[in-house]
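Each remark here refers to the structure printed beneath this line.
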Amino acid sequence: MAALSGQVAHAQKSAPAFAALLAGVHAADISSREALARLPVTRKHALFDRQKAGRPGDAFGGFSTLLRGPAMPRIFSSPGPIYEPEGSTRDYWRSARALFAAGFRSGDLVHNAFSYHMTPGAFIMEAGAHAVGCSVFPAGVGQTEQQLQAIAELRPGAYMGTPSFLRILVEKALETGSDISSIRKGLTGGEALPPSLRDWFTGHGLDVFQSYATADLGLIAYETDAREGLVLDEGVIVEIVRPGTGDPVPDGEVGELVVTTLNPAYPLIRFGTGDLSALLPGACPTGRTNTRIKGWMGRADQTTKVRGMFVHPGQVADIARRFPEVLRARLVITGEMANDSMTLMVETAATPQGLALRIGEAVRDVTKLRGDVELVTPGSLPNDGRVIEDARSYK
């Protein structure tokens, strides 16, 4: 929090996009989570739109504070395309902490199977490995047999890459008799690491950890040997908000991860990742004191089409905000695509007369569609972050 107001002031002064987005905001006042929650959320589609409008003069849409040259050694491209700058500071993406927690140490040789093609994934982890003191073999993806040969001959002790590709390597090694027994630890990302797959790796002598990073923000959270959620990186401030809004949810409730990075080169303020997660209570048993999250729990973008009209999570939140009695709401779409219907499930502790009718009128006003309203007791709706549930038959 002590660094937050300075980062907001820096973004307003040095990043033209945030000079516009945060116009009228007094940076000195943004020194708490409550104050931060009043700022607008910038989501990936807005980032893309501003970048596209700024090209070719400014490929970053006014979000980067760097100039091309020594201060910006690389530029990356993610699907969209969305372009990301890389700064020249050591461990720019802050992945070293995650690698250290996974057991990587100075002198290790690391087999890096993240993609080196256009996207920053491989470079995010490579920079952290170098900061820890590791040597890196830039394997990239594909060419499985050549990768197995390199592992057998170079004898790396660690793996970085997706969990699915690590499984491919292990299965191919078993099939061909290749010796990849030197690899004993790994840090994965880019995909979820389900417990069943982790157990499979353990059964083959591999101690595998997971990390959560994005091309825009770098490392957000990482796993420790306690295996109890992911510890947040110290270079970001994370909020969990109700999907489609910027409103923080109570601790423990599933919502969208909104991240403010303290990186001065790319000062994203309240950047909506579109990913779902939830806060875990207490501190990590390893002694690390930062907050923990449950990990990646799916995507927050639940926009769906009903009777030819798009319905957005933000519309559900708008309806709920109109009624102080509403604690949580979930729009359930049922039926078949040509004959669908929708019901707004509403958790409420108080049910004044006519509440369901008034909420139904708000549903029609906001979505331009008719829908039923069902009032339920607090705690009845699943805690999975879903605001819109598409339960239609697609036969």
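The figures follow:
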| quantity | calculated |
| --- | --- |
| Top-ranked residue in region 149-175 [being crowded, with 20+ Cβ neighbours inside 10 Å and over 29 Å from the mean Cα position of the chain (by Cα); ranked as nearest to His204 (Cα to Cα)] | Ala173 |
| Condition broken by Ala20, with the remaining ones in (1) crowded, with 16+ Cβ neighbours inside 10 Å; (2) at pLDDT 95 or above satisfied | (1) |
| Unique match (being buried (at least 18 other Cβ atoms within 10 Å of the Cβ), assigned to a loop (DSSP other than H, G, I, E, B) and of a type outside the set (Ser, Thr, Tyr)) among Ala265, Ala317 | Ala265 |
| Scan of region 118-143 for residues that are modelled with pLDDT of 95 or more and either more than 20 Å from Ser95 (Cα to Cα) or part of a strand (DSSP E or B) (or both), ordered by number | Ser135, Val136, Phe137, Pro138 |
| Test: Thr65 is farther than 23 Å from Leu230 by Cβ, of a type in the set (Val, Ile, Thr) and exposed (fewer than 14 other Cβ atoms within 10 Å of the Cβ) | no |
| Filter pass, Gln143 being at negative phi and either under 20 Å from the mean Cα position of the chain (by Cα) or surrounded by fewer than 22 Cβ atoms within 10 Å (Cβ to Cβ) (or both) | no |
| Filter result for Phe63 (part of a loop (DSSP other than H, G, I, E, B) and within 18 Å of Thr260 (Cα to Cα)) | yes |
| Residue among Gly354, Gly335 that is surrounded by fewer than 18 Cβ atoms within 10 Å (Cβ to Cβ), in contact (Cβ under 8 Å) with a residue 12 or more places away in the chain and more than 16 Å from Thr377 (Cα to Cα) | Gly335 |
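Table: residues versus (1) of a type in the set (A, V, I, L, M, F, W, C); (2) part of a helix (DSSP H, G or I); (3) under 26 Å from Ala158 (Cα atoms); (4) touching a residue at least 24 places away in the same chain (Cβ under 8 Å).
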{"residue": "Ile75", "(1), (2), (3), (4)": "yes, no, no, no"}
{"residue": "Asp91", "(1), (2), (3), (4)": "no, no, yes, yes"}
{"residue": "Ala98", "(1), (2), (3), (4)": "yes, yes, yes, yes"}
{"residue": "His111", "(1), (2), (3), (4)": "no, no, yes, yes"}
{"residue": "Tyr116", "(1), (2), (3), (4)": "no, no, yes, yes"}
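The values are calculated or read from the model by the stated rules, or taken from the named source; none is laboratory data. These numbers come from a predicted model, not from an experiment. Please note: Cβ atoms are built from the backbone with ideal geometry, for glycine as well, and neighbour counts cover all protein chains shown.
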